[in-house]
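Asker: Here it is: the structure, laid out below.
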Amino acid sequence: METKIWIVDKFVDKHELYPQISQAAELLRAGEVVAFPTETVYGLGANAASSAAVKKIFQAKGRPSDNPLIVHIADYDQLGQIAVDIPDVAQTLIERLWPGPLTMVLKKRKNVVCEEVTAGLASVAVRMPAHPVALALIRESGLPLAAPSANRSGKPSPTSAMHVLADLNGKIAGIVDDGPTGIGVESTVLDCTTDIPTILRPGGVTKEELEHLIGRVHVDAALLNEKEKPKAPGMKYTHYAPRAPLTIVEGTSGFLQQLVDEQRALGKKVGVLTTEERQLTYRADAVISCGKRSDLYTVARHLYDALRAFDEAEVDMIYSECFPNHGIGTAIMNRLKKAAGYRVLYEK
Ligand code: AMP
Ligand code: MG
């Protein structure tokens, strides 16, 4: 299949309805899958009501079928069509944070979203993305769009159309290209079916922001202890991984450099994932910065691109610096640890 590319520019194309968007929407209505930009990462969309269309997402990504998808909507009517019994806390968050990088797990309305989307669960994950192109595409298609990240399963999520193309060229009907995404890590997944809402996946909205709006918020035990079984089915899979094995290093840059030197002495090609502040302190075969340590939102934005860059550098192994585990840093460390298969080395 030839993958069409529609180039749009949200800063230039002021109208809601670009011809590119209507072409992409038409393919979605015809049951095809199309990648589109959101404020977090690129999504791979299909009609959430159609089993046949949603199966194409799983196939293109090579995604396990027990990993449910997030349904993307553009207005509140669509929410009522797919979810029921929306609790007050969810209502508050909808008013304050939508559109935005917050996914809420709600009770599913029967017989609307197909079984493949929810992997047979009684709940459905819903989000309204804060991106004019995503919203225009959903509106123009007239469909709720099931949309996981538009990468091959296991690889870093795509933050540019180039990343999508690298993974899915020839496997999907098209890509709406609006350049790099803003936030760079996926949405926060919040289970609103429990008495106290529970974070199943840290993401673009922080725990601190949620607590400020609705009070107490739980964190799924699996996020605090790797041995627990996660409540979000998808969180059990290794993910975001570059080709070369990644190890997180908790300690000084001197300790990290020492690890690099040891491996290079054995003839290995070694990569270092660092930040602008420390980029010049390392000697290695590839030293890649993922942003500014002084502004962790820049790290979130560039993390996946940096992980993918190591594939091109063809290193044998990668050592990464550690980030503070609060605010947006929680999402960064969650993705890094998964990419590293939870390998962490501590300085004594
Ligand atoms: P992705 O589509 O790749 O952004 O991943 C979506 C995440 O949300 C995965 O970790 C899923 O397991 C999780 N998720 C989706 N639907 C549900 C649901 N109904 N209940 C719990 N977790 C969900
Ligand atoms: Mg994903």
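Asker: Set Lys and Arg Cβ to +1 and Asp and Glu Cβ to -1, take the dipole of the chain about its Cα centre, and tell me which of I70, T159, T92 lies farthest positive.
Answerer: Towards the positive end, the residue furthest out is I70.
Asker: Where does helix 88-97 land angle-wise versus the long Cα axis of the chain, in degrees 0 to 90, nearest 10?
Answerer: Between helix and principal axis, roughly 70 degrees.
Asker: In straight Cα distance, which aspartates and glutamates are under 15 Å from K236, not counting same-chain residues fewer than 8 positions off?
Answerer: D66, D220, E226, E228
Asker: To the nearest 20 debye, what is the magnitude of the charge dipole of segment 253-348 about its Cα centre, counting +1 on the Cβ of each Lys and Arg and -1 on the Cβ of each Asp and Glu?
Answerer: About 280 debye.
Asker: Multiply the residue gap between K4 and L280 by 0.36 nm, knock off their C-alpha separation, and tell me the result in nm, one decimal place. If you can, show how the numbers build up before the last one.
Answerer: On the way: separation 276, 0.36 × 276 = 99.36 nm, distance 4.06 nm.
Gain in length upon complete extension: 95.3 nm.
Asker: Suppose each label sits 7 Å from its Cα in the direction of the beta carbon; what would the S22-E115 distance come out to in nanometres?
Answerer: 3.8
Asker: Could you name the lysines whose alpha carbon sits less than 16 Å from that of K56, not counting residues in the same chain fewer than 8 places away?
Answerer: The qualifying lysines are K171.
Asker: Something else: Measure nothing fancy, just the Cα-based angle from helix 329-339's long axis to the longest principal axis of the chain, in degrees from 0 to 90, nearest 10.
Answerer: So the helix axis and the longest Cα principal axis differ by about 80 degrees.
Asker: Considering only H302, L224, L280, whose Cα is most displaced toward the positive end of the charge dipole of the chain, charges sitting on Cβ of Lys, Arg (+1) and Asp, Glu (-1)?
Answerer: Projecting each Cα onto the dipole axis, the largest value belongs to L224.
Asker: Using the count of nearby Cβ atoms within 10 Å as a rough guide to exposure, how do M128, M235, M104, M1 rank from fewest to most? Walk me through the numbers before you get to the answer.
Answerer: Values: M128 23, M235 18, M104 29, M1 11.
With the fewest neighbours first, M128, M235, M104, M1 line up as M1, M235, M128, M104.
Asker: A further question follows. In this model, which of K231/K338; K4/K61; K207/K348; K107/K337; K227/K338 are farther than 19 Å apart at the alpha-carbon? Walk me through the intermediate numbers first.
Answerer: Working: K231/K338 16 Å; K4/K61 17 Å; K207/K348 31 Å; K107/K337 31 Å; K227/K338 13 Å.
Among K231/K338; K4/K61; K207/K348; K107/K337; K227/K338, the Cα-Cα distance tops 19 Å for K207/K348; K107/K337.
Asker: Compute the acute angle (0 to 90°) between the alpha-carbon long axis of helix 296-313 and the principal axis of greatest extent of the alpha-carbon atoms of the chain; round to the nearest 10°.
Answerer: 70
Asker: Also, quick follow-up: Relative contact order of the chain: what whole-number percent is it, with Cα pairs under 8 angstrom and at least 6 residues apart? Please report the intermediate quantities before stating the final value.
Answerer: Values: 786 pairs, mean separation 66.5, N = 348.
For the chain, the relative contact order is 19 percent.
Asker: Right, something else. Apply 1/(1 + (r/R0)^6) to the Cβ-Cβ distance of A166 and R264, taking R0 = 25 Å, and write down the FRET efficiency to the nearest 0.05.
Answerer: On the way: r = 28 Å, r/R0 = 1.13.
According to the calculation, E is roughly 0.30.
Asker: Now a separate question. If the only charges are +1 at each Lys and Arg Cβ and -1 at each Asp and Glu Cβ, what is the size of the charge dipole of the chain around the Cα centre, to the nearest 20 debye?
Answerer: 800
None of the figures in this text is laboratory data; all of them are computed from the coordinates on show. Not measured: the values here are computed from a predicted model. As a convention, Cβ positions derive from the backbone with ideal geometry for all residues, glycine included, and neighbour counts pool all protein chains shown.
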